[in-house]
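Notes for the one structure printed next.
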Amino acid sequence: MEAVTEALSQGAFSMELSEDQRDVREWVHGFAANVVRPAAAEWDEREETPWPLIQEAAKIGLYSFEALAQFYADESGLMLPIVNEELFWGDAGIGMAIMGTTLAVAAIFSSGTGEQFGEWVPQCYGSVEKPEVAAFCVSEPDAGSDVSSLRTRARYDEASDEWVLNGQKAWATNGGIANIHVVIASVEPELGSRGQAGFIIPPGTPGLTMGTKVKKHGLRASHTADVFLDDCRIPSRCLLGGKEKLDERLARAREGASAKKQAAMQTFEATRPTVGAQAIGIARAAYEYSLQYAQDRSQFGRPIIENQAIAFALADMALEIDAARLLVWRAAWMGRTGRKFENAEGSMSKLKASEVAVWATERAIQILGGNGYTREFPVERMHRDAKIYTIFEGTSEIQRLVISRAISGMMIR
C-alpha cells in the first residue's frame, strides 16, 4: 500500500493521453470528418469497396504497415484503439474497408516468422498508386463460433513440398478481392482446434475463387464474401510459423498436452479490444448526433433536450460509452504490456462495447423519432452498422461463455 501511495504522489498514474496520442487522434479525426463522413451515405448505398477512399488513406500514410507499426509501438497499447474509434466515428463501413486488412496482418504477426512477415505484409497493403487489401478467413458455413469444427483441410504433399488446401470459408472480409488471403485450416481434424494452422495464399494462386458477395444489413461499404479452395497448392514456406514448429505442436497435442495458442483464437485475442474501439466509435457518433439534434429540435415551444426523458437517455448514453471505452483501454493496455487476462478482460471489453453500440444507436433513433428511421439521417445507418459487433469475432453469447469460464474456473457449457 505504501508503494502505491508513493507512486500516486509522484504522479506515476495518469489517465491523460500523451502528446503523440493526442496528435494522432486529431490527425485521424480530421481524415474521418473531412474525407470519410461526406462519402459515407454514398458508399453505403453503392455497397462497393471504396477504393478511392482507401487510396486517400494510403496517400496520407494512414493505410500502411508503417502506420500500423507506429500505432502498435505505443507502449500503453492505447494508440490502435484511439485510431479505430476516430475512424469508425467517421463511418463504420468505410472504416472496415480501410482497417479490414489489419486482421490478416495480425494473424501473420502472431503466428508467422520474421521472414514471412517481411515477405507478405507489404503485399497486404500494396502501394499508394495501387493499394491492395488482405483477408483473414476462418469462419465456415457450419463453423462460426465453434472454430474447433472447421472442415477446410490442409494436406502436405511431400513430393512437391507444397500444402494442398480444400474447403469453403464464409463471411470473409475482403474475401476473393484480397491480394493476400490468410486461411485457417485443419491439418489433423481429430485434434480439433489444436490440429489447425494458418496458411498464406499468395496473389493469383490457382484454386482460390470468390463465392457470392454477401449483401449485408450494415457495414455495406466493406466487402464480404465466401472463399472456395479447390486443390489450392501453396509452397511450404506459406505455412505460418513453418513446418517444424507445426510438427512439434501437433506431437504435443497428440500426447494430450494443452495448446499454448491456437491459430484462430490467438488472432482474435489480440484484436478484441480494437474491435471494441470500433463499436465505441459508432456509439459515440450516434450520441453526438442525437445530442446536437435534441438541442436544435423544438417541440411544444422548447428544445426537446429540456424533456427529462430525452436528457436522461443522453446522460445514459454518455455514461455507457465512457464505461465501455475504459474497459477497452484496460484490455488494450493489458495486452500490450503482457498482463494475463485472468478474468477474460479482453472479452469483457468487446462484449460491453458491442452491446453499448447497439443500445446507443437505438436510443439515437428514438430521440430523432420518425427522422431517425429514415436514410436522410445517419443514425439509421449507424444502427445497422452497430449490430454486427454483437456477432462477429465472437458473439455476445460466446464472450459471456469465455468470461464465465474465466471467473469460475469451470467448463461452463
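The values are calculated or read from the model by the stated rules, or taken from the named source; none is laboratory data. Because the structure is a prediction, the values reported are computed rather than measured. Don't worry about glycine lacking a Cβ; one is built from the backbone with ideal geometry, like all the others, and counts go over all protein chains shown.
Couple of notes before you dig in:
- Test for Ser193: is it surrounded by fewer than 21 Cβ atoms within 10 Å (Cβ to Cβ), in contact with a helix residue (DSSP H, G or I) (Cβ under 6 Å, 6 or more places away or on another chain) and not in a strand (DSSP E or B): yes
- Cβ pairs under 6 Å, 6+ apart, first in segment 192-209 and among the basic types (Lys, Arg), second assigned to a loop (DSSP other than H, G, I, E, B): Arg194/Ala259
- Subset of segment 215-236 that is surrounded by fewer than 16 Cβ atoms within 10 Å (Cβ to Cβ) and out of contact with any Asp or Glu (no Cβ under 8 Å at 6 or more places or on another chain) - its residue that is farthest from Gly93 (Cα to Cα): Asp231
- When the residues of segment 372-410 are filtered to those that are among the polar types (S, T, N, Q), in a helix (DSSP H, G or I) and free of Cβ contacts under 8 Å to residues at least 24 places away in the same chain, the one that is nearest to Thr271 (Cα to Cα) is Ser404.
- Ala285 falls short on exactly one of the conditions (1) closer than 20 Å to Val28 by Cα; (2) free of Cβ contacts under 8 Å to residues at least 40 places away in the same chain; (3) not acidic (Asp, Glu), and that condition is (2).
- Leading residue by the ranking (nearest to the chain's Cα centre (by Cα)) among those in segment 367-401 that are crowded, with 18+ Cβ neighbours inside 10 Å and on the phi > 0 side of the Ramachandran plot: Glu393
- Residue, surrounded by the most Cβ atoms within 10 Å (Cβ to Cβ), within segment 148-179, restricted to residues that are assigned to a strand (DSSP E or B) and of a type in the set (A, V, I, L, M): Ala172
- Options Val36, Val105, Val24: the member that is of a type outside the set (S, T, N, Q), within 21 Å of the chain's Cα centre (by Cα) and over 24 Å from Ala331 (Cα atoms): Val36
- Only one of Pro50, Pro81 that is within 17 Å of Thr274 (Cα to Cα), of a type outside the set (A, V, I, L, M) and in contact with a helix residue (DSSP H, G or I) (Cβ under 6 Å, 6 or more places away or on another chain): Pro81
- Residue within segment 330-345 that is in contact with a strand residue (DSSP E or B) (Cβ under 9 Å, 6 or more places away or on another chain) and either not in a loop (DSSP other than H, G, I, E, B) or not small (Gly, Ala, Ser) (or both) present: no
- Under the condition of being over 19 Å from Phe71 (Cβ atoms) and outside any strand (DSSP E or B), the residues counted in segment 119-147 number 15.
- Pair list, Cβ < 6 Å and 6+ apart or interchain, from segment 115-132 residues that are in contact (Cβ under 8 Å) with a residue 60 or more places away in the chain and surrounded by 15 or more Cβ atoms within 10 Å (Cβ to Cβ) to residues that are assigned to a loop (DSSP other than H, G, I, E, B) and hydroxyl-bearing (Ser, Thr, Tyr): Tyr125/Ser64
- Filter result (farther than 11 Å from Ala225 by Cα, in contact (Cβ under 8 Å) with a residue 24 or more places away in the chain and of a type in the set (Gly, Ala, Ser)) within segment 140-177: Gly144, Ser145, Ser148, Ser149, Ala154, Ser160, Gly167
- Segment 319-364 - residue that is closer than 25 Å to Met410 by Cα and among the hydroxyl-bearing types (Ser, Thr, Tyr) and, of those, surrounded by the most Cβ atoms within 10 Å (Cβ to Cβ): Ser349
- Single match in Gly118, Gly167 (criterion: outside the structural domain of Glu248 (by TED's automatic domain parsing) and out of contact with any helix residue (DSSP H, G or I) (no Cβ under 6 Å at 6 or more places or on another chain)): Gly118
- Filter result (free of Cβ contacts under 8 Å to residues at least 24 places away in the same chain and of a type in the set (Asp, Glu)) within segment 316-342: Asp322
- Here segment 64-83 is the region considered, the condition is being touching a Phe, Trp or Tyr at 6+ places or on another chain (Cβ under 9 Å) and among the small types (Gly, Ala, Ser), and the residue that is nearest to Val28 (Cα to Cα) is Ser64.
- In segment 294-315, the residues that are within 12 Å of Gln366 (Cβ to Cβ) form Cβ pairs under 8 Å with partners that are modelled with pLDDT of 95 or more and among the aromatic types (Phe, Trp, Tyr), at six or more places apart or across chains, as follows: Leu314/Tyr287.
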